Amino acid sequence: MSQPTATALDALPYVPYEPYNNTAPTGGDSLTEDLNVFYQSGDIAWMLTSTALVLLMIPGVGFFYSGLARRKSALSLIWLSVMATAVVCFQWFFWGYSLAFSHTAGKFLGNLENFGFMNVLAQPSVGSSKIPDLLFAVYQGMFAAITVALAIGAVSERGRMLPCVIFMFIWTTVVYDPIACWTWNPAGWVYKMGGLDFAGGTPVHISSGSAALAYSYILGKRNGHGTPALNFRPHNVAHVVIGTVFLWVGWFGFNAGSALSANLRAVMAAVVTNLAACVGGVTWCVVDYRLEKKWSTVGFCSGIVAGLVAITPASGFVPAWSAVIFGMVAGVGCNFATQLKFWIGIDDALDIFAVHGVGGILGNLLTGFFAADYIAHLDGSTVIAGGWLNHHWIQLAYQLCDSATGFAYSFGMTTIILLTMTFLSRWIPALSLRASSEEEDLGIDDVEIGEFAYDYVELIRDIKPLDSRDVDEIYAPNSPRNGHRDDDDDDDDMSQRSHSQATILHAPEKTMQGMGPTTTSTAVSSPQSYAMRNLSRDTEYGAYPPPPAARGQEGFGVHTAIVGQAS
């Protein structure tokens, strides 16, 4: 059988069971006709599933960011990711979808013909005639929500919540909607130019990464950043792993769902997505091992996300073997990009720009190399000129133009939005972006939310007291040794919901191998246990933890101490 010609390929649009009559902007009258006949139930079922999978990614982002942050601000990042879903989904219904995907949009922005989802029902969508407007709208709304959830991780440990929520609505309107319009709307300038972005290299990852970079710059560095006072490290690697799993699973709906139909192109997108994630994780892990001789779990998870980010714009255009290259390049490139924040002096606490900004740029450029016409046509209708694999050399220039424009627009507009909010905060204090120094030291969870990721649980880790009685002096001023009666009735008077109190902890003295200046080959437990009880932030040294000088005066050696929510 001879291969179809280009003309024949162009003549292969999707033909529904019943031709759409285009008599009404809503797709018809559901009271007088069956609007379901225009679409295949399998396509609708797949897109509903993909919508749910993308929604699952958003708490995954929250857990990933929460695990990377310090304990005292862990819950705030989960809260912000979930809040982003609520705020952005409302914005999307209000006017976001219309600004991005209205049927009569301009080259840069849509109009308000679909304001409040007006006339958004059974009409074939702008994205694909295979699914109705309403389904396409809710699916794309999840993309907008996760983009904002990715960006607002920049406020980690120092940003106030209310201005961040206000920023979510404004940023989605001013930044995300225009970029989505010019990338995916057939009227958009990138779409018409021939730029290839299957699932969001520029609208999702480059825009969120550059926005996070701008937000981090405007906020400034965390207290103690770059000094021994801030010994930053992930407080909960298990949360990082859980978040990674959520993201990995959800990314199948993110990339394969962008085929907007249950077809072979969606299958290929799923294959390359998974392969790039696997290779990216292993590559990052190997790069980290060369420096530290440790197989970092956080590094492996970061590499998985980097691979997923890089393959996003290419997933519906490239063959399976190229996914290995995407994963390797992303694993190495994003790993080294984590050093950029030190060179430019910006405290990007969660490396959002390195993973999403740089990863999105790498993915866009690699798409220019490896896009193949036969992969795009697996859906039976899409025709592209391809990339360098098809000797279409100009495609790389298109991809570079798209990436540079998306980065510059997102970074510039984000900076303008934040500077405007900062200026207005002189008269409207609620718009002040950053928490005070005292609030930052106490923790965003306590100050802004009043709840904690690990509520009512107190933890002492790796404490080596020289005299176990010193623990009672420092952390239990109400102990009998300090002239107070140890009365169980006193405990009954304390609220069980108090965030400032601790349960009784019995922690034997021990010395851990390789921890601190004094080490032994084994952990040795003292025959005497000491009790931490009624632990309060208000110790004789003030808020926990006591200053180093106070610990030294008491002869108290602490390798790493995390007590409740004060750490």
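The values are calculated or read from the model by the stated rules, or taken from the named source; none is laboratory data. Note that the structure is predicted; figures quoted are calculated from it, not measured. Positions of Cβ are backbone-derived with ideal geometry, glycine not excepted, and every protein chain shown enters the neighbour counts.
At a glance:
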quantity: Selected residue (only one of LEU31, LEU35, LEU68, LEU56 is farther than 14 Å from ALA349 by Cα and within 21 Å of the chain's Cα centre (by Cα)); calculated: LEU56
quantity: Long-range neighbours under 8 Å by Cβ, at least six apart or interchain, first residue over 13 Å from THR414 (Cβ atoms) and in the same structural domain as TRP92 (by TED's automatic domain parsing) within segment 162-179, second modelled with pLDDT of 95 or more and β-branched (Val, Ile, Thr); calculated: VAL165/VAL87; PHE169/VAL87; PHE169/VAL88
quantity: Every residue from segment 156-172 that is among the aliphatic types (A, V, I, L, M) and either out of contact with any Ser or Thr (no Cβ under 8 Å at 6 or more places or on another chain) or at positive phi (or both); calculated: LEU162, VAL165, ILE166, MET168, ILE170
quantity: Residue identified as assigned by TED's automatic domain parsing to the domain that holds GLY380 and touching a Lys or Arg at 6+ places or on another chain (Cβ under 8 Å) among LEU264, LEU260, LEU291; calculated: LEU260
quantity: Selected residue [at pLDDT below 95, touching a Cys at 6+ places or on another chain (Cβ under 9 Å) and more than 18 Å from GLY363 (Cα to Cα)] from ALA229, ALA187; calculated: ALA187
quantity: Cross-chain or 6+ apart pairs with Cβ under 8 Å, segment 71-90 first and touching a residue at least 12 places away in the same chain (Cβ under 8 Å), then surrounded by fewer than 24 Cβ atoms within 10 Å (Cβ to Cβ) and among the polar types (S, T, N, Q); calculated: ARG71/ASN236; ARG71/SER567; LYS72/SER567; ALA74/ASN236
quantity: Complete set of residues in segment 364-422 that are part of a helix (DSSP H, G or I) and of a type in the set (Gly, Ala, Ser); calculated: GLY368, ALA376, ALA397, SER403, ALA404, GLY406, ALA408, SER410, GLY412
quantity: Yes/no for GLY316 being assigned to a helix (DSSP H, G or I), surrounded by 21 or more Cβ atoms within 10 Å (Cβ to Cβ) and assigned by TED's automatic domain parsing to the domain that holds GLY368; calculated: no
quantity: Total residues in segment 269-304, condition crowded, with 24+ Cβ neighbours inside 10 Å and under 28 Å from GLN40 (Cβ atoms); calculated: 3
quantity: Segment 342-360 - residue that is more than 18 Å from the chain's Cα centre (by Cα) and in a helix (DSSP H, G or I) and, of those, nearest to PHE63 (Cα to Cα); calculated: PHE342
quantity: Meets criteria (touching a residue at least 60 places away in the same chain (Cβ under 8 Å), of a type outside the set (Asp, Glu) and within 19 Å of LYS107 (Cα to Cα)) for GLY194; calculated: yes
quantity: Criterion (aliphatic (A, V, I, L, M), under 20 Å from SER128 (Cβ atoms), assigned by TED's automatic domain parsing to the domain that holds THR297 and touching a residue at least 60 places away in the same chain (Cβ under 8 Å)) met by exactly one of ILE352, ILE375; calculated: ILE375
quantity: Residues within segment 142-163 that are of a type outside the set (Val, Ile, Thr), assigned to a helix (DSSP H, G or I) and either within 15 Å of the chain's Cα centre (by Cα) or buried (at least 24 other Cβ atoms within 10 Å of the Cβ) (or both), tallied; calculated: 9
